[in-house]
Amino acid sequence: MERINCDFSPLKEILIEDINNLIAALQNNMEAIVDENKCLLGNFEKTKQDFLSIEMKAATFYLNCYLSPFTDKYPELSVCVQNLSRLRHGGLIVIEREDPLKSLVKPGIPIGAELTHTLLESIFYPGSPLHDGAVMVNQNQIVSATNVLPLSGRFTGDQKLGTRHRAALGLTEQSDALVLVVSEETGRVSFAFKGELYPIMTQVM
């Protein structure tokens, strides 16, 4: 099990407040359901949306926890994926952690530069010769671009899951790497970790 040792107080406080509000809403629904004159279907729909919002904020919180021991560039990564999301530019960013990845990744073009959001965004700009494939990040450096990742075999034929997402899952099924994914179709941002995919809210990253 992944050890988590981090304290991002503002986001943690938001999560606690949101969870308490959700518990209160559920309690109100329990009390109101005995009233035959009230229809709670609209309440349940709002509760579902509130729960999804909490899930995405929690994923953002844990993403920060998982990254902080391995890079100081979380703010740069955050700005990058927010901008990619807004512009609907696809992105695939691998953050190396403890496991070596050389045997799992088909190497691309060496970069060897300090990680900045402007450099990452220029790499993923549509039409850039470097925009296809994954960018490899080690600590605070962009190591290389156009890397090819192994595709997950669990989702073969799944029309809802694009190649970037299958690649992110494929690498994280075989290593402890963390992979950020930006969908060019929807602009949604997710991260893959330990073979699972988690949506995150860019506005609270």
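Side notes on the structure shown:
Residue by residue, here is whether (1) within 25 Å of Pro107 (Cα to Cα); (2) surrounded by fewer than 12 Cβ atoms within 10 Å (Cβ to Cβ); (3) touching a strand residue (DSSP E or B) at 6+ places or on another chain (Cβ under 7 Å); (4) of a type in the set (Lys, Arg) holds:
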site	(1), (2), (3), (4)
Cys39	no, yes, no, no
Ala59	no, no, yes, no
Glu76	yes, no, no, no
Leu87	no, no, no, no
Gly91	yes, no, yes, no
Ile95	yes, no, yes, no
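- Boolean, Ile54 is in the same structural domain as Ser190 (by TED's automatic domain parsing), closer than 26 Å to Gly162 by Cα and either among the charged types (D, E, K, R) or at pLDDT 85 or above (or both): no
- So Ser144, is it free of Cβ contacts under 8 Å to residues at least 60 places away in the same chain, of a type outside the set (A, V, I, L, M), outside any helix (DSSP H, G or I) and crowded, with 16+ Cβ neighbours inside 10 Å: yes
- Count - residues of the stretch 147-184 that are part of a loop (DSSP other than H, G, I, E, B), among the hydroxyl-bearing types (Ser, Thr, Tyr) and either in contact with a Leu (Cβ under 8 Å, 6 or more places away or on another chain) or outside the structural domain of Gly91 (by TED's automatic domain parsing) (or both): 2
- Which listed residue is farther than 16 Å from Leu67 by Cβ, assigned to a strand (DSSP E or B) and of a type in the set (Gly, Ala, Ser), from Gly112, Gly187: Gly112
The values are calculated or read from the model by the stated rules, or taken from the named source; none is laboratory data. Predicted model, so just to flag it, every value in this text is computed and none were measured. Cβ atoms come from the backbone with ideal geometry, glycine included; neighbour counts cover every protein chain shown.
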